[in-house]
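Novice: Before I ask anything, let me first share the structure, which is written out below as structure tokens.
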Amino acid sequence: MGSGFSKKKKADEPAALPSADTPAATSPAPQKSLAEPKSNPTRGGGVKNEKAAATKLSKAEQLESSSDEFLKNKRVDKALSTLLECLSLRQELHGAHHSHVGDIYLKLGVVYSELGRFSDARQKFVQCLAIKEDTHGSSSAEVVPPLRKLAQVLIQVQKSQDALEYLERILAIDETRLGPYDLELLPTLVSIAACHNSLKRTEETICSYQLATKVADGRDGLPDGDPRWIPILAGHAQVLSTCELLETPPTQYPKPSNLHPCAFCLVAVPNLISGSLIARLYLAKRGEEGIVIG
């Protein structure tokens, strides 16, 4: 009976706690808190890289701004060296085909044009155009500036036919984007007319000037006396003054299928240069001189 009591007492006793000598393997590992941050040995380096990139970006922006000032003040050589340094930083920061890199190519082209290095200028404008087409699309307004600069440099080296291709592309983009009678079309139309004139294409030249006049006379067009009339009216008068006299009235003039209908305005010179055209040109010149007509 005594032994039975002893056994029961032992059975009711709690299990012995593990001693300090118990091996670690037998005790459960402590659980990490879910909120405990993990160490990141590269975090400090990442912050440093971000700061370095921000510093380079700031420097690139300063260089670009300085180059604009140098060019404005006719310090073209200084503008060139500044832009080349800026280009290197932009390429490092953004990659070789980023839109910002295209902007620097455009400015470099302008600087090379100022230096008379037209071949280098054309190359930079082409590089800019390629980037803008890749990043924005071939019909975007972003491609118009390099297209226009390409046309200008080609006109300077007397490659009017090549320039026409770029100008006609600009016109198509802007007509779609702005409409057929927007005043922003005028510089392109005048340039197209000048290119045709340099290629001795009288009919096409007259058509272009007439279209420019139609745009300028539109609902939201130019008032008489606005200096923007000058290149339109002066160019139109100049080309009309060189036309040969035609014995056949325009209504009886045979109409080739490949000519624009505006081509058949070629009549005797006195009738071509109308008094109204000369009068409007006079008003525009007076407006350019700051003389109010009223």
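The values are calculated or read from the model by the stated rules, or taken from the named source; none is laboratory data. The shown structure was predicted, so the numbers you read here are calculated from the model rather than taken from an experiment. All Cβ positions, glycine included, derive from the backbone under ideal geometry; neighbour counts span all protein chains shown.
Novice: Does GLU64 meet the test of being at pLDDT below 95 and surrounded by 10 or more Cβ atoms within 10 Å (Cβ to Cβ)? Walk me through how you get there before you give the answer.
Specialist: Values: at pLDDT below 95: yes; surrounded by 10 or more Cβ atoms within 10 Å (Cβ to Cβ): yes.
For GLU64, the condition - at pLDDT below 95 and surrounded by 10 or more Cβ atoms within 10 Å (Cβ to Cβ) - is met.
Novice: Out of all the residues in the range 89-115, which are at pLDDT 95 or above and among the small types (Gly, Ala, Ser)?
Specialist: Of everything in the range 89-115, those that are at pLDDT 95 or above and among the small types (Gly, Ala, Ser) turn out to be GLY102, GLY109, SER113.
Novice: For residues that are within 25 Å of the chain's Cα centre (by Cα) and of a type outside the set (A, V, I, L, M), tally how many sit in the range 188-207.
Specialist: 3
Novice: Quick test of your reading of the structure: ILE131 fulfils all but one of (1) assigned to a helix (DSSP H, G or I); (2) among the aliphatic types (A, V, I, L, M); (3) surrounded by fewer than 16 Cβ atoms within 10 Å (Cβ to Cβ). Name the failing condition by number.
Specialist: (3)
Novice: Which one of the conditions (1) free of Cβ contacts under 8 Å to residues at least 24 places away in the same chain; (2) in a helix (DSSP H, G or I); (3) surrounded by fewer than 20 Cβ atoms within 10 Å (Cβ to Cβ) does VAL126 fail to meet, given that it meets all the rest?
Specialist: So the condition that VAL126 fails would be (1).
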